[in-house]
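Worksheet: the structure to be examined is printed underneath.
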Amino acid sequence: MAEFFHTTCHLPAPLAYLLAAIIACVLIIHVVAVGALIFIWLERKVSGRIQDRLGPTRVGGAFGWLQTLADGIKLIAKEDITPKDADAMLFKLAPYVGFAASYCAYIALPFSDGWVAQHMNTAVFFILAVLGIEVFSPILAGYSSGSKWSLFGAMREAAQVVSYEVPLGMCVVVPCMICGTLNLVTIGNMQAGSFTNWLAFNDPFTFIIACVYFTCATASVNRAPFDLAEAESELVAGFHTEYSGLRWSFFFMAEYGSMFLVSGLAAILFFGGWHGPIPIAEPIAGVLVVVVEPLVNIGRYLLGFIARDIGKVTDGAVAIQIANLMGCLNFLLKGTIGVTVMMWVRWTLPRLRIDQVMTTCLKYCVPIAAFGFVGALFWQVFEVPTLNDLPSPIGINRSVAHESWVVEADREREIRAQAVTPSPADLPGESVGSFDSAAVDSLVMKGGAR
Amino acid sequence: MATQVDDARIIEFDVRTDEMLVNMGPQHPSTHGVLRLVLRTDGEIVSEVEPHIGYLHRCAEKIGENLTPRQWIPYTDRMDYLAGMNMNLGWSLCVEKLIEHELPEKAKHLRVIIAEMGRLASHLVGMGAYGLDLGTFSPFLYAFRERERILDLFEEACGARLTYSYLTPGGATADLPNGWLQKCEAFLDQFEPVIQEYHALLTTNAIFIKRTANIGVMSGEMAVDYGCTGPVLRGSGVDYDLRRDGEDRYTELYDGYAFEVIVQRDGHYPKDHDYPAVPKETVLGDCWHRFYVRMLEVVQAIDLVRQAIDRYSTASGDWGVPIKLTHKLPKGEVYLETEAPRGQMGFYLVSDGSSIPWRVRARSSCFCNLSVTSELCRGCLIADVPAIVGSLDIVMGEIDR
């Protein structure tokens, strides 16, 4: 995007980078905040229906869809209480740590092919690492609240989340191993085609791993039946017992943010990411492009004066963007299904006890994940045939996808190289001149982009 | 410690974590009202639990010494407020014993219907709230959905949904309204198959079994020693139910009814219905068994109500006209215990010959049931404390009175 602003809109490079970063930030914060808004509403509706009641029905007209917003306004208006015994600074800091971690992890989460705030070739690692930071939030909150119940909640959280990171990491490694990359965009693209290409159906082991991953993910985001840190029947409200108002709601934004994050990660790693079960996105996009084309042309005409060479965008690019949009919806749907399953589980099962949670992790999840890992490893090493090798009547299989990805990556690298060192021939009119990308990067790194 | 300083290893391994004294309650989500438990914990392990009561004390007994027996009926409602009908029944029978009042046939069957429906309503809360204690929310609402229908029936009979004051010395305040029995039967027909769902959600749920099996194990001897009664006693395998073993004045209500006391005999519960099998992990007297006895009593109560409805519709006499408000009580003292949902509810009455009792005393089942908490919770985990206290199914209104 920075390249676009720089080369097409002729903004100075630092400004282009800054603008691109701001756009990504704003978009992601909306995904997290609006996502939490929707998921809290969804949770209330789902739990209501499970429990034979209606859930919210009033606010915002039909289905009470603005209920969360009303709650949010209420929470903002509430008194912000810091208990007398609390360590005020840590107490106030804790909710933001959790929210910031949950929010940061979205930076590396692609929503569709290439629709990611920051392309990272270590995206999986980044997300796991940043999610790991989230555990500090309940620990800090519990420690600084000056309440014994909060302290219990914090200790449980520490014990539980740290243990579950181990099997979670083992599960995540398997798709990375099969695809040979930590780049989530690549992993997603390699599952293009029909659902037989999804990694969960690659071999029996990956399917087991997908199930273990979901269990561990539920535990690592503190959802029932692993919600020990906030077990209301034991610890009143656990680590957030003493919180009120907006700070309290930040914990929930973080919780719902990470819920979608781990579900989205599951979708990308195991369930095809933005690819639907049947590859129909591109034909549909082809049809849609006929409708959208005239609009795009009008847009081109209108935008012509600021973006002179936007006209170079080929018709194929429009179709690709429409397909990407559909992929994004696909991905959001998959993530939402994951979140809904978590809700379903929450409102059905009793809570486990702390020792049983640890037993589940150390005696079941870790060995099963290890077994699945080794199994998937041998499956790869001995090149046992997978569903992926079936001749696909429609779409493509993984090896083809992989090749096309390599080609695509080479092409992108070329474009990138061109973008940062534009030749005067490509840019008629005033030229920003040439500069080397290393200088720009170092400028951005030092925060001296302004 | 100072003497051991020479040996560095001893110091190294003499690290102890601090014990923490935690107040669970009186404002705590899972202490069923205003029970206060003081926990001495070492990390997650609870080394000592001490229940403190008295937060709901309303001097009910003293008030009873200033009112006539019929006037005191509303105060009995507020003892075990989840089973007000059964409290009414206990007091009514006690007063009737003193004044030697004989009930008409129909009134007896009416009382069985009402008392067993009360037991149903009470056990439903017990079941739902136990789910809450273990962290599952939905069964609570399912239980309340059914309970609401029982309350609707009660409301039709007496006008109140929680504090009924329906059964009074002499009989009941009014007969059942027309069509009540059909509605009641319709409810039972709807409710009976649904119990399987509760078994699926709770009784046979793997996590539920994990949380309750072998937790808070109380031997039959210990239960008897502490004076536990009701499902808590029967959950420990003691075959004792006042509906069968109680005083004549009480058991005659159940004369001719076919029912078997719900208790495990030779490793089996009475096989009247299709119950889920007892899981292997459980031990007689643990939380699971206490819960299970309650679930089976729900089925039994349905059966008893059905029988009572049949008898009621063919019985002779009226519903039992209440005694006068200022009925002169004969001089003397009586004590009578009934099998309330939570155990044996006893009322003690001393009269000096006026219409107002000289002394009124209530024997609470929950008080005795609660007294085992300290012993059951010793050495358990924090999460087990709500599981154990919940399995005792206490109501603070009855304990504090």
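The values are calculated or read from the model by the stated rules, or taken from the named source; none is laboratory data. The model shown is predicted, which means the values in this text are computed figures rather than measured ones. With ideal geometry, Cβ positions are generated from the backbone for all residues, glycine too; neighbour counts draw on all protein chains shown.
Okay, here's what the table says:
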item: Leading residue by the ranking (farthest from the other protein chains (Cβ to nearest Cβ)) among those in segment A:335-362 that are under 21 Å from the mean Cα position of the chain (by Cα) and farther than 26 Å from B:GLY128 by Cβ; result: A:GLY335
item: Test set (1) outside any helix (DSSP H, G or I); (2) in contact with a His (Cβ under 8 Å, 6 or more places away or on another chain) - A:PRO83 fails condition number; result: (2)
item: Conditions (1) more than 14 Å from chain B (Cβ to nearest Cβ); (2) in a helix (DSSP H, G or I); (3) under 21 Å from A:THR218 (Cα atoms); (4) touching a residue at least 60 places away in the same chain (Cβ under 8 Å); number of the one not met by A:VAL97; result: (4)
item: The listed residue being out of contact with any strand residue (DSSP E or B) (no Cβ under 7 Å at 6 or more places or on another chain), within 24 Å of A:PRO110 (Cα to Cα) and either modelled with pLDDT under 65 or not in a helix (DSSP H, G or I) (or both), out of A:VAL406, A:VAL384, A:VAL341; result: A:VAL406
item: Residue in segment A:183-205 that is touching a residue at least 24 places away in the same chain (Cβ under 8 Å) and within 14 Å of another protein chain (Cβ to nearest Cβ) present; result: no
item: Test: residue in segment B:355-366 that is within 14 Å of another protein chain (Cβ to nearest Cβ) and farther than 30 Å from B:GLU185 by Cβ; result: no
item: Residue list for segment A:110-135, filter: among the charged types (D, E, K, R) and closer than 22 Å to A:PHE271 by Cβ; result: A:ASP113
item: Number of the condition not met by B:THR31 [criteria: (1) in contact with a Leu (Cβ under 7 Å, 6 or more places away or on another chain); (2) more than 14 Å from chain A (Cβ to nearest Cβ); (3) modelled with pLDDT under 85]; result: (2)
item: Segment A:213-249, residues that are farther than 30 Å from B:LEU39 by Cα and crowded, with 24+ Cβ neighbours inside 10 Å; result: A:TYR213, A:CYS216, A:ALA217
item: Counted residues, segment B:172-231 - those being free of Cβ contacts under 8 Å to residues at least 12 places away in the same chain and within 23 Å of B:GLU339 (Cα to Cα); result: 2
item: Condition met for B:GLY43 (surrounded by 21 or more Cβ atoms within 10 Å (Cβ to Cβ), more than 18 Å from B:ARG342 (Cβ to Cβ), modelled with pLDDT under 85 and not aromatic (Phe, Trp, Tyr)); result: no
item: Of all residues in segment B:113-156 being aromatic (Phe, Trp, Tyr) and within 14 Å of chain A (Cβ to nearest Cβ), the one that is nearest to the chain's Cα centre (by Cα); result: B:TYR130
item: Top-ranked residue in segment B:353-401 [being in a loop (DSSP other than H, G, I, E, B) and free of Cβ contacts under 8 Å to residues at least 60 places away in the same chain; ranked as surrounded by the fewest Cβ atoms within 10 Å (Cβ to Cβ)]; result: B:GLY353
item: Options A:GLY153, A:GLY146: the member that is assigned to a loop (DSSP other than H, G, I, E, B), of a type in the set (Gly, Ala, Ser), within 14 Å of chain B (Cβ to nearest Cβ) and closer than 22 Å to A:GLU242 by Cβ; result: A:GLY146
item: Selected residue (criterion: nearest to the other protein chains (Cβ to nearest Cβ)) from residues of segment B:379-396 that are farther than 19 Å from B:GLY235 by Cβ and out of contact with any Asp or Glu (no Cβ under 6 Å at 6 or more places or on another chain); result: B:GLY379
item: Residues of segment B:58-75 satisfying the condition of being loosely packed, with under 14 Cβ neighbours inside 10 Å and either in contact with a strand residue (DSSP E or B) (Cβ under 6 Å, 6 or more places away or on another chain) or part of a loop (DSSP other than H, G, I, E, B) (or both); result: B:ARG58, B:CYS59, B:ASN66
item: In segment B:134-159, residue surrounded by the most Cβ atoms within 10 Å (Cβ to Cβ) [restricted to those that are in contact (Cβ under 8 Å) with a residue 24 or more places away in the chain and among the hydrophobic types (A, V, I, L, M, F, W, C)]; result: B:LEU134
item: Counted residues, segment A:196-211 - those being within 13 Å of A:MET170 (Cβ to Cβ) and surrounded by 24 or more Cβ atoms within 10 Å (Cβ to Cβ); result: 2
item: Residue ranges of helices (runs of 4 or more DSSP H) in segment B:230-341 with at least 2 members under 18 Å from the mean Cα position of the chain (by Cα) and within 24 Å of B:VAL217 (Cα to Cα); result: B:231-235, B:287-314
item: Any hit, segment B:191-198, residues being within 30 Å of B:TRP72 (Cα to Cα), in a helix (DSSP H, G or I) and not small (Gly, Ala, Ser); result: no
item: Conditions (1) within 26 Å of B:ASP248 (Cβ to Cβ); (2) surrounded by fewer than 18 Cβ atoms within 10 Å (Cβ to Cβ); (3) in contact with a strand residue (DSSP E or B) (Cβ under 9 Å, 6 or more places away or on another chain); number of the one not met by B:GLY317; result: (3)
